[in-house]
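Visitor: Input: one structure, supplied below.
The values are calculated or read from the model by the stated rules, or taken from the named source; none is laboratory data. Small disclaimer: the values here were computed from a predicted structure and weren't measured. Cβ placement follows ideal geometry from the backbone for every residue including glycine, while neighbour counts extend to all protein chains displayed.
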Amino acid sequence: MPHKNQGMEEIEHRRSVEKLYGRIKSRALTKRQADLFESLLPTISVTSLKAEQLSIYRDISLEIGFGSGEHLFQLAIANPDNLFIGCEFFVNGIASLLSKIDEVKIQNIRIFQGDSIKLIPEIPDNFLAYVFLLFPDPWPKRKHIYRRFVQEKTLLEIHRILRRSGVFRIATDCLHYAEWVNKVLTTPILSEKFSIEKMLHTSRPSELLWPKTRYEQKSTTKCVFSSLEKL
């Protein structure tokens, strides 16, 4: 019988043997940012996701590719009893979030530096209240479609790690990616596992529930949102 993580491992292998487009770092870090990488990041890096070690938190959420961390940070400030885990491999984005965390000494954010595909198989079943995927790289070329995070196999893993009535929120400003998300979500196996709500920017949830990032504010009129609730 295939291993339950076989699909995730296949995607990870393909990513590892082919060039990952884009730069890990786009500009030099300031001295303060470099210092935070040495002093702060090790103290809040994800090293274990064992449920008994995180039981002090009411809810635990995951953001896949948090960019500069604006959305994650705002949610953490507004919900101090919840834990927010962010995955990101771009150094400048991590540096930006570290600066925010250090400035207000917030305690309920953890960071996984790397591809979320490596972390997700380690997350226990029925563990998370929310998963966020906001404005991911659409990988527009046909030959790169397999790089898109939204695939049937990855969404089955999201379903596994979400608790009952947990929510997976997706946002994009790319019409082709929105069409792709719709195509994947309407496959029989996924439509049986999620209750799906699709929204345009005019009907998105309030910013108290779904904070806006600067990226979204610049792309507002093109934004498409999907909210998947685990059945």
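Visitor: Across the range 97-122, what is the total count of residues that are surrounded by 19 or more Cβ atoms within 10 Å (Cβ to Cβ) and of a type in the set (Gly, Ala, Ser)?
Guide: Residues flagged as surrounded by 19 or more Cβ atoms within 10 Å (Cβ to Cβ) and of a type in the set (Gly, Ala, Ser) within the range 97-122 amount to 1.
Visitor: If I go through the range 138-151 residue by residue, how many of them are loosely packed, with under 13 Cβ neighbours inside 10 Å and within 14 Å of residue 185 (Cα to Cα)?
Guide: Of the residues in that region, 0 qualify.
Visitor: So residue 194 fits all but one of (1) more than 22 Å from residue 69 (Cβ to Cβ); (2) touching an Asp or Glu at 6+ places or on another chain (Cβ under 7 Å); (3) at pLDDT below 95; what number is the exception?
Guide: (3)
Visitor: Could I ask something else about it? Please note which strands (runs of 3 or more DSSP E) are completely contained in the range 56-159 and include at least 3 residues that are touching a residue at least 60 places away in the same chain (Cβ under 8 Å) and not β-branched (Val, Ile, Thr).
Guide: Values: elements: 60-64, 83-88, 109-113, 128-134.
The qualifying strands (runs of 3 or more DSSP E) are 60-64, 109-113, 128-134.
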